[in-house]
1. Quick one: A:Ile178 ticks every box in (1) closer than 22 Å to A:Leu13 by Cα; (2) open to solvent by 40 Å² or more (accessible area, probe 1.4 Å) except a single one, so which number is it?
2. Among (1) open to solvent by 10 Å² or more (accessible area, probe 1.4 Å); (2) under 19 Å from A:Val26 (Cβ atoms); (3) away from ligand 1 (no atom under 16 Å from the Cβ), where does A:His203 come up short?
3. Considering each residue of segment A:56-95, count those that are within 16 Å of ligand 1 (Cβ to nearest atom), touching a strand residue (DSSP E or B) at 6+ places or on another chain (Cβ under 7 Å), in contact (Cβ under 8 Å) with a residue 24 or more places away in the chain and among the hydroxyl-bearing types (Ser, Thr, Tyr), and give that number.
4. Checking A:Leu82 against (1) within 14 Å of another protein chain (Cβ to nearest Cβ); (2) within 16 Å of ligand 2 (Cβ to nearest atom); (3) not in a strand (DSSP E or B), only one condition comes out false. Which one?
5. Tally time: how many residues in segment A:52-71 are more than 16 Å from the chain's Cα centre (by Cα), within 14 Å of chain B (Cβ to nearest Cβ) and open to solvent by less than 30 Å² (accessible area, probe 1.4 Å)?
6. Taking segment B:26-63, which residues are in a helix (DSSP H, G or I), farther than 24 Å from B:Ala111 by Cα and out of contact with any helix residue (DSSP H, G or I) (no Cβ under 8 Å at 6 or more places or on another chain)?
7. Mind checking whether some residue in segment A:20-33 is within 14 Å of chain B (Cβ to nearest Cβ), farther than 20 Å from A:Asp213 by Cα and away from ligand 1 (no atom under 13 Å from the Cβ)?
Amino acid sequence: MDNREKVVVVRDLYKSFGDLDVLEGVDLDLHREENLVVLGRSGTGKSVLIKIMVGLLRQDSGTMQVLGKEVSKLPLKELNALRLKIGFSFQNSALYDSMTVRENMEFPLVRNVKNLTKKEISMRIEELLEAVGLPQSINQMPSELSGGQKKRIGVARTLVLNPEIMLYDEPTAGLDPITCVDINNLINEVRERYKTTSIVITHDLACAKQTGDRMAVLLDGKFKAMGTFEEVFPRAVDERIKSFYDYNFINS
Amino acid sequence: MAGEADDRKPLLSKKIDKFFTGLADAWNFVRRFFQEVFLPPYEFKEVIHQCYRIGVESLPLISLTGFIVGIVFTNQSRPSLSEFGATSWLPALIAIAIVRAMGPLVTALIAAGKVGSSIGAEIGSMKVTEQIDAMEVSATNPFKFLVVTRVLATTFMIPILVMYTDFVALIGSFINVNGKELVSLSTFFVQVFDAITFLDVFSSVIKSLVFGFTIGIVGCYKGYHSSKGTEGVGRAANSAVVISMFLIFIEELLALQIVNAIRGL
Ligand SMILES: Nc1ncnc2c1ncn2[C@@H]1O[C@H](COP(=O)(O)OP(=O)(O)O)[C@@H](O)[C@H]1O
Ligand SMILES: [Mg+2]
C-alpha cells in the first residue's frame with residue numbers, strides 16, 4: 001500500500017492521570033515529509049500525545065516509536081539525541097523570558113553543536129530569523145513581541161537544530177485571523193524549505209485545511225477519523241465531528 | 001454526624017499523605033542537586049549572572065537595614081551598659097552581636113524575601129509557560145541550568161552579603177558611638193577586632209552558607225513544583241519566602257547549639 005518510510009508509529013497507546021483517562025488506544029502512522037493535522041476539542045489529550053513523542057511524558061501502555069526507536073525505553077543520552085531531531089513548537093511559544101531573541105536561539109545551538117564559531121552561530125540565527133520574517137527582532141526581549149511574532153520566533157528557535165520532525169502545538173491559538181494565515185503559510189514554507197515531517201495540532205479547520213495532507217480527529221482518547229480533509233469532514237457521520245465542521249464553516 | 005466524620009477522614013489522611021509525599025519530593029530534589037552539581041557541563045556563566053543578580057536585588061535593602069540595625073542596636077544597648085559605667089564596652093558588645101547573630105540573620109531574612117521570592121516566581125512562571133519543557137526538549141538539562149546555578153549563586157553570595165552587612169552595621173554603630181562617646185574610627189575598629197574570635201567569623205560563614213543554600217533550594221523547589229496558572233506562580237513565590245524564613249530560624253537555633261557546644265570544649 002504505502003511504501004514511504006514511517007517516521008512515527010504509535011500503537012494502542014494509553015495514558016491516564018490519576019482517574020482521568022486521556023488517551024485510550026491511539027494508533028497512528030506518520031510518513032516522511034507528511035503533514036498531519038490533529039484536531040480535537042481542548043482537553044482531549046492532543047498535547048499529551050506529542051509530549052509522549054518527545055519523552056516529556058511517558059505512556060502507561062502501548063508503543064510510541066519515533067524514527068524507529070521506542071521513546072519510553074531510551075536512556076537519557078539517546079533520548080536527548082532523538083529530541084534534537086524533533087522540533088517542538090509550544091502552545092505559548094515558551095520563549096525564555098529572561099533572554100533576548102538572539103540568546104533564545106543560541107541556547108539550543110551552543111549547547112548541542114560543538115565547535116561552532118561565533119560567526120557561524122550568528123549566520124545561522126540570522127538566516128532563520130530571515131526565514132520567519134523577523135530579522136529586525138534579533139535584540140528584542142520576548143515581552144516586546146506580539147503573540148504572532150512570539151510564535152514565529154518559537155518556530156525559528158526549534159528550527160535552529162535542523163529537525164526532521166516538527167510538532168506544532170496549536171500554532172494559531174489566540175491569534176487574529178490574518179496572523180493565523182501568516183502562521184499557516186510559515187508552516188508550509190518550513191515544510192518545503194527544510195523538508196520536515198510535521199504534526200500540527202489545532203482546532204482551527206481553516207488552518208487544518210491549509211496545512212494538512214491528512215487530518216486525524218481525536219475523540220474519546222482515540223483517533224476516530226483519519227484521512228484527507230474531504231474524506232473526514234463533509235461526510236462526517238459522527239455528530240461531534242460534524243459539529244466541529246459546522247461550527248468552523250459557519251464562522252468562516 | 002457520622003456522615004460528617006466520614007467526609008472529614010479522607011480529607012485528613014489526604015493532607016497527611018500530601019505532606020509526606022511533599023517531604024519525599026523535597027528530599028529527592030535536594031539529592032538531585034548534589035548529584036548534578038559535580039557533573040559536567042558546568043554553567044559557569046549562568047552562575048556568575050545569578051550572583052550578580054542576587055547582589056543587585058538585595059544590596060539596597062541590605063545596606064539600609066544593616067546601617068539602621070547598627071545605629072539602633074548601639075543606641076538601645078547604651079543605657080544598660082552605662083548603668084555599670086561600661087559604655088566603653090559598646091564596640092565590643094555590638095561587634096559580637098552583629099557578627100554572631102544580627103548580620104547573618106538580617107541578611108538571610110532579607111534575601112529570603114527578595115531573592116527567594118523572585119527565584120520562586122521566576123522558575124514557577126517558567127514552569128507554567130512550558131519554558132522548562134522547552135529546555136528539556138532541546139536536550140538541555142533544565143535542573144542544571146536553572147536550579148544548580150541559582151542554588152550555587154545563593155550559597156556563595158549570602159556569606160559575602162553577610163560580611164557586607166556586618167561592615168555596614170558596624171559603620172552605623174560607629175557613627176552612633178562616635179557621636180556620643182567621641183571614640184575615633186581606629187579605636188572603634190581595634191576594639192571590634194579584639195572582641196571577635198576566629199570561631200565567631202568561621203561559624204558565621206558556615207551558617208551563612210547554609211542560609212544561602214536554603215534560600216536557593218527552597219525557591220527553586222517551590223518554583224519547579226508550582227501548579228498551573230498564574231495563581232500557582234504567586235503561591236510558589238509566597239511559600240518560598242515563608243518556608244525559607246522558617247528554616248532559617250530553625251538553622252539559627254541549631255547553629256547556636258553547635259557553636260555553644262564547641263565553645264564549651
Ligand atoms: N502533567 C499532567 N498532569 C495531570 N494532568 C494532565 C497533565 N497533562 C495533561 N493533563 C490532563 O490531560 C488532559 C488532556 O490535556 P492536553 O493534552 O493538554 O489537552 P489538549 O488536547 O487541549 O492539548 C487534560 O484534562 C489535562 O488536564
Ligand atoms: Mg494542548
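The values are calculated or read from the model by the stated rules, or taken from the named source; none is laboratory data. The structure displayed is predicted, hence computed values, not measured ones. Glycine gets a Cβ as well: all are built from the backbone with ideal geometry, and neighbour counts include every protein chain shown. Keep in mind that these areas ignore ligands, DNA and RNA; they rest on the heavy atoms of the full protein, side chains included. Shrake-Rupley method; radii C 1.70, N 1.55, O 1.52, S 1.80 Å.
1. (1)
2. Evaluating A:His203 over (1) open to solvent by 10 Å² or more (accessible area, probe 1.4 Å); (2) under 19 Å from A:Val26 (Cβ atoms); (3) away from ligand 1 (no atom under 16 Å from the Cβ) leaves (3) as the failure.
3. The number of residues fulfilling the criteria is 1.
4. If we test A:Leu82 against (1) within 14 Å of another protein chain (Cβ to nearest Cβ); (2) within 16 Å of ligand 2 (Cβ to nearest atom); (3) not in a strand (DSSP E or B), just (2) comes out false.
5. 1
6. Narrowing segment B:26-63 to residues in a helix (DSSP H, G or I): B:26-36, B:44-63.
Okay, now just the ones that are also farther than 24 Å from B:Ala111 by Cα, so B:28, B:35-36.
Correct list: B:Asn28, B:Gln35.
7. no
To keep it simple, each residue is scored yes or no on (1) of a type outside the set (Val, Ile, Thr); (2) away from chain B (no Cβ under 14 Å); (3) under 16 Å from the mean Cα position of the chain (by Cα); (4) in a helix (DSSP H, G or I).
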residue	(1), (2), (3), (4)
A:Phe88	yes, no, yes, no
A:Asn115	yes, yes, no, no
A:Ile121	no, yes, no, yes
A:Ser143	yes, no, no, yes
